[in-house]
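Participant: Take this structure first; my questions come after.
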Amino acid sequence: MSAFLVRRLVRLAVVITGVSLVTFAILHASGDPVSLIMPEAPEADRAVLRRTLGLHDPLPVQFARFVGNAVTGNFGKSFFHHGQSASALVLERMPTTLMLTVFSMGVALAIALPVGIYSAVRRGRAVDQLATGTVFLGQSMPVFWTGIMLILLFSVQWRLLPVSGWESWAAVILPTATLSTFTAPLLLRIVRSSMLDVIGLDYVRTARAKGVSEWLVICRHALKNAALPLVTVTGLQFGLLLGGAVITETVFAVPGVGRLIVGAIRQLDFPVVQAGVFMLAMIVVSVNFLVDVLYLYLNPQIRVR
Amino acid sequence: MRHWSLPLLALALLLALAPGADAQPKDTLTVALISHAPTLDPHMHFERVGILVNINMFDSLLHKNARLEYEPSLATSWKALNDTTWEFKLRKGVKFHNGDTLTAEDVKFSIERVTEPGKEKKKSPQYGNVRAIKDVRIVDADTIHLVTDKPFPLLLERLVFFPIVPKKHLEKVGDDAFGTTAAVGTGPWKFVEWKRDQYIRLEAFDGHWRGKPAFKHLVIRAIPEVATQIAEIKTGGVDLIRNVSADIAPELKAHAQTYVSSAPILRVHYVELDMRSAPFDKKLVRQAANLAIDKQAIIQRLMGGLGRQVATVVQPPAFGHDPEVQPFPFDPKKAKELLAQAGYPSGVDITLHSAFVEFRPVFEALTQMLTEVGIRTNARMWDPGPAWNKFLQAEGKATNGAYGSWGNYSVFDADAVLHPLFHTEPGGWIGKHYTRVEGLDKLIDEGRSTLNQAARKRTYSQIQKLIREEAPAIYLFTQYDTLAISKRVEYAARGDEWLWLFDAKPKR
């Protein structure tokens with residue numbers, strides 16, 4: 001069991017390093033931030049700034065320095081937000097992004113679980129067909145489009161909710177709805193199909209034969225085994241949700257990490273992009289690690305192996 | 001159906017309880033910008049979105065009214081004593097938001113904060129604007145002299161946005177706090193709160209020397225997405241949005257709660273031609289390219305009529321513009337003739353580049369018009385930013401020209417467009433790559449080295465005749481700034497793209 005955890009931890013470190021390397025490479029291939037910071041300055045002035053920012057060193061040296069500092073949580077100072085540390089800028093906005101992501105995951109699960117179970121149990125009936133159709137629709141809509149459509153309907157047409165911002169609870173509803181629309185369909189499909197797999201098995205029939213009530217059969221017996229794939233997918237979806245949050249935050253003017261990173265990419269603010277991507281990657285990898293641990297608990301077979 | 005009634009009921013309840021998209025309180029004016037600048041400190045950034053906030057909190061020595069004429073602000077009068085010395089008389093009894101009285105010391109401190117005499121590395125990105133100021137002399141309590149290293153005709157233009165900050169306060173709180181939580185100026189609104197990426201909240205300053213602004217509260221929200229900004233103004237969530245494009249303007253013009261206000265601005269569109277290599281090393285080909293473009297058709301069909309044809313890149317409202325110089329007419333027949341004369345009877349293939357994404361349709365129309373007269377153009381569109389910068393740094397190679405625009409950083413002077421676009425000085429902008437017009441550098445230098453406005457006018461007139469003939473660029477049109485404004489607010493777009501909200505009034 002501990003060997004399993006150690007293997008996972010090593011994999012975690014490899015993934016984080018890989019993500020950092022890719023981010024670093026793409027950023028540095030994309031151009032020279034100094035020419036964006038001082039577009040009209042003479043070359044001599046630019047050289048001074050380049051030296052101050054450490055951009056004159058060869059790339060491997062810069063990367064080594066970046067990794068060295070990142071390990072201690074230091075990502076350097078933002079090029080754009082004068083004198084502020086990149087990690088502080090990211091951390092300041094992290095609660096907002098996490099809140100949006102966790103809420104959306106919660107709402108998505110709250111929809112996916114009951115509807116998924118119900119359509120598995122009533123396979124082929126009207127509710128099942130309606131759910132399957134909605135899944136299809138929900139998965140085909142890109143996040144930014146869903147967001148703008150929800151604004152048009154709920155804010156412009158019906159005047160029920162604020163268009164954008166993050167100042168009131170009402171403002172949280174539309175971004176959350178947008179992200180859940182994006183996640184719920186996949187979760188629903190997983191719940192439905194794994195329930196279908198399980199529901200026909202012998203032990204479920206045995207439970208029914210013992211006279212256990214239908215409700216208990218489904219929730220106690222069937223769901224426990226059907227939950228395994230759901231846990232995996234939920235972990236994976238968490239990463240996708242964070243990615244979706246980047247777009248959602250821009251559409252709804254939510255002051256989160258995603259919007260910070262989008263702005264920083266536009267300004268070639270290397271330290272902020274690196275800090276933001278690094279921390280988001282950390283969260284995704286950690287969540288997946290937790291999922292692995294949860295697996296150990298849920299599926300004793302792995303523990304034996 | 002029983003199973004469904006509960007969640008539906010809950011949703012209905014939630015929607016009923018949620019406060020809807022609410023209208024603004026009467027005394028609040030809310031403006032949407034695509035982002036906030038990194039700091040409230042007016043000297044430590046160079047961003048339009050920051051300047052628009054700063055001007056409503058800080059005053060400069062001079063101001064421009066809505067007709068873009070100079071007006072006294074913190075200086076009540078000014079004059080040039082000689083070629084390099086300017087005298088400014090300061091307004092008496094002006095109060096900062098913290099109660100301090102404005103002194104000559106504050107003015108000296110503000111300028112030297114940016115010029116940092118004796119320091120090798122300057123921390124303000126605005127240094128280039130005022131680097132000509134070598135000395136600030138306090139003559140008496142209300143008089144200062146600014147001494148420039150050489151005649152600097154743009155001084156007054158630069159001082160229109162050069163906010164004066166309180167020395168004592170700044171030394172007490174430090175740069176960082178000043179830029180984030182303790183910004184203090186003399187302007188119509190004072191700082192209340194800044195929630196990053198959300199809003200900046202300002203409140204009318206009772207002691208402002210002009211009197212109180214019409215709106216007690218001013219809120220500047222950061223909304224990056226244009227579609228979201230439009231939804232906000234339609235629902236009354238904000239009162240003013242900027243940069244309304246030609247395809248959206250009709251909708252907001254017709255909307256029950258909004259109107260649209262436009263003003264011609266300095267931003268001039270052009271295709272800068274690479275004179276170092278064929279075919280644009282030949283004057284006749286450059287002239288042919290100018291004759292090939294139907295500018296009126298582009299303005300009418302693609303820009304909703306919001307454009308003004310120009311003869312060169314010098315904009316009509318800029319100092320030095322010569323109305324006698326006429327734009328190239330649209331004459332495709334003559335264009336073909338010139339092309340043949342230049343040695344290209346069967347046409348020529350070229351490539352043009354652009355990173356001007358908002359005007360992609362214009363770029364495509366331009367290249368089509370060029371192709372029709374025989375300058376067969378391959379149009380390449382870039383994402384603005386990194387790759388484009390790299391391309392420009394690589395001396396703009398692998399191209400015959402670039403479509404772009406220039407806004408003079410809102411300086412109403414011919415020099416502010418001629419130097420970056422056509423001067424070949426190594427530190428310059430695009431001209432150093434592309435332009436090779438005999439004698440042009442010397443004329444541009446001449447124009448910027450005297451305060452004699454009549455002499456400058458003559459020089460710029462000469463330059464415009466020269467570049468009209470030599471055609472180092474395809475000259476197109478100037479653009480308009482278009483605002484959408486809520487019907488409860490009275491305001492008009494300005495030619496310098498400022499949002500001077502002291503002029504905004506509630507509409508009855």
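Participant: Could you run through the range A:153-174 and say how many residues are within 7 Å of chain B (Cβ to nearest Cβ), part of a helix (DSSP H, G or I), more than 18 Å from B:ARG221 (Cα to Cα) and without any contact (Cβ under 8 Å) to a residue 12 or more places away in the chain?
Facilitator: Number satisfying all stated conditions: 1.
Participant: Pick from B:ALA21, B:ALA32: which is assigned to a strand (DSSP E or B) and either within 11 Å of chain A (Cβ to nearest Cβ) or modelled with pLDDT under 55 (or both)?
Facilitator: Among B:ALA21, B:ALA32, only B:ALA32 is assigned to a strand (DSSP E or B) and either within 11 Å of chain A (Cβ to nearest Cβ) or modelled with pLDDT under 55 (or both).
Participant: For the range B:200-216, indicate whether the set of residues that are at positive phi, part of a helix (DSSP H, G or I) and either more than 14 Å from every other protein chain (Cβ to nearest Cβ) or among the small types (Gly, Ala, Ser) (or both) is non-empty.
Facilitator: Checking the range B:200-216: not a single residue is at positive phi, part of a helix (DSSP H, G or I) and either more than 14 Å from every other protein chain (Cβ to nearest Cβ) or among the small types (Gly, Ala, Ser) (or both).
Participant: Go through the range A:41-62 and give me each residue that's at negative phi and part of a loop (DSSP other than H, G, I, E, B).
Facilitator: A:ALA41, A:PRO42, A:LEU53, A:LEU55, A:HIS56, A:ASP57, A:PRO58
Participant: State all residues of the range B:163-180 that are within 27 Å of the chain's Cα centre (by Cα) and within 14 Å of chain A (Cβ to nearest Cβ); if no residue qualifies, say none.
Facilitator: B:ASP175, B:ASP176, B:PHE178, B:GLY179, B:THR180
Participant: Okay, moving on. Quick one: is B:LYS190 away from chain A (no Cβ under 14 Å), outside any loop (DSSP other than H, G, I, E, B) and in contact with a His (Cβ under 9 Å, 6 or more places away or on another chain)?
Facilitator: Considered against the rule, which asks whether it is away from chain A (no Cβ under 14 Å), outside any loop (DSSP other than H, G, I, E, B) and in contact with a His (Cβ under 9 Å, 6 or more places away or on another chain), B:LYS190 comes out as yes.
Participant: So, A:GLY124, is that one in a loop (DSSP other than H, G, I, E, B) and either among the small types (Gly, Ala, Ser) or more than 11 Å from chain B (Cβ to nearest Cβ) (or both) or not?
Facilitator: When the stated conditions are applied, A:GLY124 passes them.
Participant: Another question, if that's okay. For the range B:446-461, name all the residues that are assigned to a helix (DSSP H, G or I), surrounded by fewer than 16 Cβ atoms within 10 Å (Cβ to Cβ) and in contact with an Asp or Glu (Cβ under 9 Å, 6 or more places away or on another chain).
Facilitator: Matches in the range B:446-461: B:ALA455 only.
Participant: Out of everything in the range B:201-244 that is in the same structural domain as B:VAL53 (by TED's automatic domain parsing) and of a type in the set (Asp, Glu), what residue ends up being surrounded by the fewest Cβ atoms within 10 Å (Cβ to Cβ)?
Facilitator: For the range B:201-244, the residue satisfying everything is B:ASP206.
Participant: Here's something else I'd like to know. Considering only the range B:218-251, state which residues are assigned to a helix (DSSP H, G or I), more than 11 Å from every other protein chain (Cβ to nearest Cβ) and either at pLDDT 95 or above or under 22 Å from the mean Cα position of the chain (by Cα) (or both).
Facilitator: The one that is assigned to a helix (DSSP H, G or I), more than 11 Å from every other protein chain (Cβ to nearest Cβ) and either at pLDDT 95 or above or under 22 Å from the mean Cα position of the chain (by Cα) (or both): B:ALA249.
Participant: So which of B:MET303, B:MET369 is under 28 Å from the mean Cα position of the chain (by Cα) and in the same structural domain as B:PHE412 (by TED's automatic domain parsing)?
Facilitator: Result: B:MET303 is the single residue among B:MET303, B:MET369 that is under 28 Å from the mean Cα position of the chain (by Cα) and in the same structural domain as B:PHE412 (by TED's automatic domain parsing).
Participant: Please find, among A:PRO142, A:PRO175, the residue that is at pLDDT 95 or above and of a type outside the set (D, E, K, R).
Facilitator: Testing whether each residue is at pLDDT 95 or above and of a type outside the set (D, E, K, R) leaves just A:PRO175.
Participant: If B:THR39 meets every condition in (1) within 11 Å of another protein chain (Cβ to nearest Cβ); (2) modelled with pLDDT under 90; (3) farther than 30 Å from A:ALA110 by Cα apart from one, which number is that one?
Facilitator: Here B:THR39 meets the rest and fails (2).
Participant: In addition: Counting residues that are surrounded by 22 or more Cβ atoms within 10 Å (Cβ to Cβ) and at pLDDT below 95, which strands (runs of 3 or more DSSP E) fully inside the range B:300-393 reach at least 2?
Facilitator: B:348-354
Participant: Name the residue that is farthest from the other protein chains (Cβ to nearest Cβ), counting only residues in the range A:63-117 that are part of a helix (DSSP H, G or I) and of a type in the set (Lys, Arg).
Facilitator: The qualifying residue farthest from the other protein chains (Cβ to nearest Cβ) is A:ARG65.
Participant: Still on this structure, please answer the following. From the set of residues in the range B:252-292 that are basic (Lys, Arg) and assigned to a loop (DSSP other than H, G, I, E, B), which is surrounded by the fewest Cβ atoms within 10 Å (Cβ to Cβ)?
Facilitator: B:ARG276
Participant: Then there is this: Name the helices (runs of 4 or more DSSP H) wholly inside the range A:198-305 in which the number of residues that are within 14 Å of another protein chain (Cβ to nearest Cβ) and crowded, with 22+ Cβ neighbours inside 10 Å is 1 or more.
Facilitator: Per the criteria, A:223-251, A:257-266, A:270-298.
Participant: I've got another one for you. What are the residue pairs meeting all of these: first residue in the range B:448-474, first residue without any contact (Cβ under 8 Å) to a residue 24 or more places away in the chain, second residue among the hydroxyl-bearing types (Ser, Thr, Tyr), Cβ atoms under 6 Å, and 6 or more apart or on different chains?
Facilitator: none
Participant: On to the next question. On the basis of being surrounded by 15 or more Cβ atoms within 10 Å (Cβ to Cβ), over 19 Å from B:HIS169 (Cβ atoms) and of a type in the set (Val, Ile, Thr), does B:THR85 make the cut?
Facilitator: Judged against the criteria, B:THR85 is not a match.
Participant: So if I check each of A:ILE151, A:ILE117, which one is among the aliphatic types (A, V, I, L, M), buried (at least 18 other Cβ atoms within 10 Å of the Cβ) and within 20 Å of A:SER194 (Cβ to Cβ)?
Facilitator: None of the other options fit; the residue is A:ILE117.
Residues are listed down the side, and each one gets a yes or a no for (1) closer than 24 Å to B:THR181 by Cα; (2) of a type in the set (Asp, Glu):
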{"residue": "B:MET57", "(1), (2)": "yes, no"}
{"residue": "B:LEU61", "(1), (2)": "no, no"}
{"residue": "B:TYR70", "(1), (2)": "no, no"}
{"residue": "B:THR103", "(1), (2)": "yes, no"}
{"residue": "B:ASP106", "(1), (2)": "yes, yes"}
{"residue": "B:VAL130", "(1), (2)": "no, no"}
{"residue": "B:ASP149", "(1), (2)": "no, yes"}
{"residue": "B:PHE152", "(1), (2)": "no, no"}
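Participant: For the range B:476-490, what are the residues that are within 19 Å of the chain's Cα centre (by Cα) and either hydroxyl-bearing (Ser, Thr, Tyr) or closer than 30 Å to B:ILE220 by Cβ (or both)?
Facilitator: Result: B:THR478, B:GLN479, B:TYR480, B:ASP481, B:THR482, B:LEU483, B:ALA484.
Participant: Please specify each residue of the range B:44-78 satisfying the condition of being assigned to a strand (DSSP E or B) and not small (Gly, Ala, Ser).
Facilitator: Correct list: B:LEU62, B:HIS63, B:LYS64, B:TYR70, B:GLU71, B:PRO72, B:THR76, B:TRP78.
The values are calculated or read from the model by the stated rules, or taken from the named source; none is laboratory data. These figures come from a predicted structure and were not determined experimentally. Because the Cβ atoms are built from the backbone with ideal geometry, glycine has one as well, and the counts that use them run over all protein chains shown.
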